[in-house]
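One structure is given here, and the rest of the page talks about it.
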Amino acid sequence: MHPNCNDIAQPHPLLPMDINRALARNEPICRYFYPHTTTPTTPLVITSYLTTKNTSRELSTIESMTSKSLPTRTTLSSGTFYQIYPPSFADSNKDGIGDFRGIISRLDYLSDLGITGIWLNACFDSPFKDGGYDVRDYTKVASRYGTHEDLVELFHQAHARGIAIILDLVPGHTSEQHPWFQQSAASKYTDFDDRYIWTSHAFEGGAGLAFIGGEHPRNGAYIINFFKSQPALNYGFAELTQPWHQPVDAPGPRANQDAMVEIMKYWLSQGADGFRVDMADSLVKNDGTSKRATIGIWQSMLSQVRAEFPNAIFVSEWGTPTQAFEAGFDADFYLDWRGNGYNLLARNTDTPLERRDDASFFNSDSATGAQEFLDMYLPQWERTHEAGLFSFISGNHDCPRLAPRLNEQERALFFLFQLTMPGLPFIYYGDEIGLPYAEIPTKEGGYARTGSRTPMCWDSQLPNGGFSLGDAPLYLPMTDTSQNVAQQRERADSLFHHVQKLIQLRSQLPALDGFADLEFDLSLLKKHPKVMVYRRTHHHGDSVLIALNAGNKPIRVELQQPQAHELFRCGDVTYPDLSDHSVVELGPTSGVILSV
């Protein structure tokens, strides 16, 4: 145990955007990475000065739990969300694939971590040709994850612990097996003819849009968003250039809007708390960079839903907060696209997933500084910080994991940054324990993304790392059990406890609220490009100062805050004058949070 970690909660028993998406968005293609070597693990040194108590408890019934307030769209900003890829989190029935009951069995773990919300990846009925993002029925759950009643029970159990659940809504396309498409593809006229985008005849191309022809009786080619199995729903065209283009207010596009509104209302009535919306910015075709037509559609749909469910939470996969918040979303992801700045922090590489080829800011051996990221991020934050929550992610099911390229201390520093920045942070399952990317064969259309979707490892002493206790083949292989929950909870200086303490600080300090003000000290960057110093200030006056050194050499920083009080540190942090915190010496890959 680290000598300064005595007050950390003690352990207790366990209870790349893909290429097709980039093309569909007309945006830069995300890079994929293939790891061949493992970064040597360096000892993680963390210190916390915030006292906490072990909040674990054995419960026989859910009713015996102490009720916690459930986050709503008006209280999101002090929380932390957690993304779960359902087939890879926990298997309750020993069939080798994760399920709703498995998630229920691990809710106490998430509560102990401090999570206030879960984003549940695609879980509706699907042939799973793209990991569930090819929906066959929007109001039916995928049977491999359990029953409708199981999902409703998951809502109830999560709510009892003060955890909201948002579902994944995929409004831009369906599976080719969806009944809507089957009727639209028929040779005879049906009410669903214009619910999808069809060209005038089978030999006509898509006029710049990806299309499939010759597959169905209907005399036309259909537009797809990604794979052949994902026909694009018709929300109209902002610019009509072909005879088969329809305006956004045509009957087919209007019917799709109405259907999505009813789908959202249905799941909210069942207990869901909201939605993360897949590709929210790309509904209307030929919408240009302004996305005016798409914004208008979302304003209409969300206003209808909120008239009945005013506390519903909506998070967009948009990546342009000025547009997403105008459209009505509460939070927007700062996506890991090349060219928007975020990829510079932890995924700045075009080569296989190896440390020596990585030029990320948080790779202490790289020369990448903070200036370019800040030049891209700060103008977006300044224009939108009062309108919504521009949210940092640790990763997701579409991009490479932080591990093993970044070592454990570097990942710890990344989390110090993520969890002290504005917005609503999202932690991808397993990132809090350093679950590594794995180079494995594709599964269900994952291709390079598959390596970020491997099973959660709960305990290396249990079969299949505790993910599944049965003998059935696993959904994806358990390639590495060295990073597991049991081991991390036993180590007081682990990445898990580091993240747990940061989440607790975020929830308790008004200055770390997602809407609190942000001010960077840009004067340091010319001399110290791998140093970030920034202040977060709540409108009531509470203020904290964060200083971090992402480089591999110690740096002395003058903070000019003699009365500052240290709240949290990561790595080697010292003060030349113990009674005066106006000057701090930051060791390699270290950071500190100070109350000022």
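Worth a mention:
- Only residues that are part of a helix (DSSP H, G or I) and either closer than 26 Å to ASP332 by Cβ or hydroxyl-bearing (Ser, Thr, Tyr) (or both) were counted across segment 152-186, and they come to 5.
- Lone unmet requirement of (1) part of a helix (DSSP H, G or I); (2) surrounded by fewer than 20 Cβ atoms within 10 Å (Cβ to Cβ) for PHE414: (2)
- Members of segment 360-377 found to be under 22 Å from the mean Cα position of the chain (by Cα) and either among the basic types (Lys, Arg) or surrounded by fewer than 17 Cβ atoms within 10 Å (Cβ to Cβ) (or both), listed by number: MET376
- Among the residues making up segment 565-583, those that are surrounded by fewer than 20 Cβ atoms within 10 Å (Cβ to Cβ) and small (Gly, Ala, Ser) are SER579, SER582.
- Filtered residues of segment 189-210 (kept if touching a Gly at 6+ places or on another chain (Cβ under 6 Å), in a loop (DSSP other than H, G, I, E, B) and either closer than 17 Å to LEU240 by Cβ or among the aromatic types (Phe, Trp, Tyr) (or both)): ASP194, THR199
- Those strands (runs of 3 or more DSSP E) of segment 254-340 in which 1 or more residues are more than 15 Å from TYR235 (Cα to Cα), among the β-branched types (Val, Ile, Thr) and modelled with pLDDT of 95 or more occupy 274-277, 313-316.
- For segment 268-326, filtered to residues that are in contact with a Gly (Cβ under 9 Å, 6 or more places away or on another chain), within 21 Å of PHE81 (Cα to Cα) and acidic (Asp, Glu), the residue that is surrounded by the fewest Cβ atoms within 10 Å (Cβ to Cβ) is ASP278.
- Each residue in segment 449-488 was checked for being surrounded by 18 or more Cβ atoms within 10 Å (Cβ to Cβ) and either among the aliphatic types (A, V, I, L, M) or part of a helix (DSSP H, G or I) (or both), and 15 pass.
- For ILE103: the one exception among (1) out of contact with any helix residue (DSSP H, G or I) (no Cβ under 8 Å at 6 or more places or on another chain); (2) modelled with pLDDT of 95 or more; (3) surrounded by 20 or more Cβ atoms within 10 Å (Cβ to Cβ); (4) farther than 30 Å from ASP287 by Cα: (1)
- For the criterion of being in a helix (DSSP H, G or I), farther than 17 Å from GLY341 by Cα and among the charged types (D, E, K, R), GLU386 fails.
- Scanning segment 161-195 for residues that are farther than 23 Å from ASP281 by Cα, surrounded by 16 or more Cβ atoms within 10 Å (Cβ to Cβ) and of a type in the set (A, V, I, L, M, F, W, C) yields a total of 4.
- Residue within segment 526-533 that is closer than 24 Å to THR384 by Cα, of a type outside the set (Lys, Arg) and modelled with pLDDT of 95 or more present: yes
- Total residues in segment 137-163 satisfying the condition of being farther than 14 Å from ILE103 by Cβ and touching a Cys at 6+ places or on another chain (Cβ under 9 Å): the figure is 0.
- Among residues of segment 234-246 that are crowded, with 22+ Cβ neighbours inside 10 Å, those with a Cβ under 6 angstrom from a residue that is of a type in the set (Ser, Thr, Tyr), sequence gap 6+ or separate chain, pair up as ASN234/TYR196.
- Qualifying residue in segment 128-135 (condition: more than 28 Å from THR80 (Cα to Cα) and surrounded by fewer than 22 Cβ atoms within 10 Å (Cβ to Cβ)): yes
- Count of segment 350-391 residues which are closer than 21 Å to PRO588 by Cβ and hydroxyl-bearing (Ser, Thr, Tyr): 4
- Among the residues making up segment 211-228, those that are over 25 Å from the mean Cα position of the chain (by Cα) and either assigned to a loop (DSSP other than H, G, I, E, B) or charged (D, E, K, R) (or both) are GLY213, GLY214, GLU215, HIS216, PRO217, ARG218, ASN219, GLY220, ALA221, LYS228.
The values are calculated or read from the model by the stated rules, or taken from the named source; none is laboratory data. These figures come from a predicted structure and were not determined experimentally. No Cβ is skipped: glycine too gets one built from the backbone with ideal geometry, and neighbour counts run over all protein chains shown.
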